[in-house]
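Undergrad: Attaching a single structure in structure tokens format; questions to follow.
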């Protein structure tokens, strides 16, 4: 492989001049710059990334620790992060925490040992000691999708409350009154927020969310199956199951079919986190869609801002409701209005 000395010799300049050209330094004549770039091209020279990182104290590498690589939402998020980072001149190393705080800490430690410039994290549970320590000791970091209240780190996330309100309005308009939810882990911000949004939306229509209609899941398909089986065993099963995650929704669909029941004829199904598979299920699943690709891009931009000495702002993007056939077909009558509560 050609060295920087080979480039300097071919271009007829010093090694220092080659270095200035490669680092886009302004104090190089146009003629020297042209000769150096021509020599680089002719020799196929590639700068030594390790040596450059030692000189600049930057590796042009970002770390991404996601909660579950098997979840299509996080797979798409990782893809958009990698694409945006590449466009900005950075590489990405990905670690899968598998919803385990100990694995999250393992990946954070490994990435920091590799001298990454900044870290994107979708925290599992309430965080983990090594990750929290990194956030509090100045490592450039951005939380994406999930966050940890009280930790001074920019957050890039979607707001699903409006879409959940639209979902409940849609369900109410279809005549459904007994609505249940498969909740995500209460230790995660997304797990808590989606239950709160669902309860709040039901309250606007005078509907309650009894404890029997709140099933505790873990963002995995098996928990969606287990919780739905419990709902179906109730003396008065719900008319709708709303899964707070796409994998739990697939588990719920399995449970319904295992009982010989049909969606939506016997029970309706909706999900948070739309995925391509939902178009191909029978029936296609109504879902709250997060702007996953936009979130990934915004998270990278916020992190690069922090790496390069700019503040890096939090970003919240709206989710939207995608109506399909899993909750029933719309009927001609208009949807009722929410209950108006007195403020006196």
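Undergrad: If residue 180 satisfies every condition in (1) under 21 Å from the mean Cα position of the chain (by Cα); (2) buried (at least 23 other Cβ atoms within 10 Å of the Cβ); (3) at negative phi but one, which is the exception?
TA: The single condition residue 180 does not satisfy is (1).
Undergrad: Now for a separate question. What number goes with the only condition from (1) at pLDDT 95 or above; (2) buried (at least 21 other Cβ atoms within 10 Å of the Cβ) that residue 155 does not pass?
TA: Exception for residue 155: condition (2).
Table: residues versus (1) modelled with pLDDT under 95; (2) under 17 Å from residue 143 (Cα atoms).
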residue	(1), (2)
284	no, no
299	no, yes
306	yes, yes
313	yes, yes
324	no, no
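Undergrad: Need at least 2 residues that are within 22 Å of residue 304 (Cβ to Cβ) and either in contact with a helix residue (DSSP H, G or I) (Cβ under 7 Å, 6 or more places away or on another chain) or modelled with pLDDT of 90 or more (or both) per element, so show me which helices (runs of 4 or more DSSP H) inside segment 1-118 make the cut, counting only ones lying wholly within it.
TA: Answer list for segment 1-118: 72-87, 101-113.
Undergrad: OK, next. Collect the residues in segment 205-241 that are within 17 Å of residue 285 (Cβ to Cβ) and assigned to a strand (DSSP E or B), keeping them in residue-number order.
TA: Correct list: 240, 241.
Undergrad: If you go through segment 78-93, how many residues are under 16 Å from residue 291 (Cα atoms) and surrounded by fewer than 18 Cβ atoms within 10 Å (Cβ to Cβ)?
TA: 2
The values are calculated or read from the model by the stated rules, or taken from the named source; none is laboratory data. Predicted, not measured: the structure shown is a model, and the values here were computed from it. Glycine gets a Cβ as well: all are built from the backbone with ideal geometry, and neighbour counts include every protein chain shown.
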